[in-house]
Amino acid sequence: MTNENTTLAIDAIAGHIAIMRGQRVIVDADLAALYGVPTKRLNEQVRRNAERFPEDFMFQLAQEEWDALRSQIATLKTGRGQHRKYLPFAFTEHGAIMAATVLNSPRAVEVSIYVVRAFVQLRELLTGHKELAKRLDQLETRMERKLITQDQAIAGILDAIRQLMAPPPTPKKRPIGFITPQDKA
């Protein structure tokens, strides 16, 4: 496969990866389609090898999670028998690799490499976003410090302008004529 085709394949797989329960996962139907097997066969192999799929490799979605995911990716198909009877399973990166090993087909092994690359690409992308967010926070902090000092400088300038605008105090007029020391008191 050429480098461009590899990139396209990884991008296509990355489009099927969602974040559920704080983890990047791929739904069983999408994973089965990538591996070239029916979803029923994938889930059958997973059930037969349940000891290979702990909670951090695979979990079954709750109804609310499935509803939210379906509304995002528009998975409804028309026709009789096109809807799922059971809630789907979500596979993490490790679970997707383990699924390839239990399917044991040449296509599953080949595609599992692309699945791993897609998960890694998303992880690197997320790391880049975290670094960008950190730098943005640092910039915001610096700007706030600068704004505080500029606010203080502007307040000082406004005080000086107010002092200049205030009429000068009128000097006490000296009385005309001769004043004795007793008159001063």
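Taking region 27-38 as the search range and keeping residues that are assigned to a helix (DSSP H, G or I) and touching a strand residue (DSSP E or B) at 6+ places or on another chain (Cβ under 9 Å), which one is surrounded by the fewest Cβ atoms within 10 Å (Cβ to Cβ)?
Residues of region 27-38 that are assigned to a helix (DSSP H, G or I), as a first pass: 28-35.
If we keep only those that are touching a strand residue (DSSP E or B) at 6+ places or on another chain (Cβ under 9 Å) too, we end up with 28, 30-31, 34.
Working: D28: 26, D30: 22, L31: 30, L34: 24.
Checking each candidate, the answer is D30.
Name the residue, out of I113, I154, that is more than 30 Å from A32 (Cβ to Cβ) and not aromatic (F, W, Y). First the steps, then the outcome.
Details: I113 fails: more than 30 Å from A32 (Cβ to Cβ).
From the options I113, I154, the qualifying one is I154.
Looking at R24, R48, R80, which one is modelled with pLDDT of 80 or more, surrounded by fewer than 16 Cβ atoms within 10 Å (Cβ to Cβ), out of contact with any Lys or Arg (no Cβ under 7 Å at 6 or more places or on another chain) and of a type in the set (D, E, K, R)? Spell out how you get there, then give the answer.
Numbers: R24 fails: surrounded by fewer than 16 Cβ atoms within 10 Å (Cβ to Cβ); R80 fails: modelled with pLDDT of 80 or more.
None of the other options fit; the residue is R48.
Is there any pair with a first residue in region 100-114 that is touching a residue at least 12 places away in the same chain (Cβ under 8 Å) and in a helix (DSSP H, G or I) and a second that is aromatic (F, W, Y) and buried (at least 17 other Cβ atoms within 10 Å of the Cβ) whose Cβ atoms are under 7 Å apart and which are 6 or more apart or on different chains, and what are they?
Pairs that qualify, where the first residue is touching a residue at least 12 places away in the same chain (Cβ under 8 Å) and in a helix (DSSP H, G or I) and the partner is aromatic (F, W, Y) and buried (at least 17 other Cβ atoms within 10 Å of the Cβ), are A100/Y35; L103/Y35; R107/Y35; A108/Y35; V111/Y35.
Can you tell me which condition D183 does not meet? The list is (1) modelled with pLDDT of 80 or more; (2) of a type in the set (D, E); (3) exposed (fewer than 10 other Cβ atoms within 10 Å of the Cβ), and all the others hold.
(1)
Filter region 116-138 down to the residues that are among the hydrophobic types (A, V, I, L, M, F, W, C) and either over 21 Å from T92 (Cα atoms) or not in a helix (DSSP H, G or I) (or both) and list them by number. Spell out how you get there, then give the answer.
If we filter region 116-138 for residues that are among the hydrophobic types (A, V, I, L, M, F, W, C), which is where we start, we get 116, 118-120, 122, 125-126, 132-133, 136.
Within region 116-138, L132, A133, L136 qualify.
For region 115-159, enumerate the residues that are among the β-branched types (V, I, T) and within 30 Å of V27 (Cβ to Cβ).
So in region 115-159, the residues among the β-branched types (V, I, T) come out as 115-116, 120, 127, 141, 148-149, 154, 157.
Of everything in region 115-159, those that are among the β-branched types (V, I, T) and within 30 Å of V27 (Cβ to Cβ) turn out to be V115, V116, V120, T127.
The values are calculated or read from the model by the stated rules, or taken from the named source; none is laboratory data. Note that this is a predicted model, so its numbers are computed, not measured. Cβ sites come from the backbone with ideal geometry, for glycine too, and all protein chains shown count toward neighbours.
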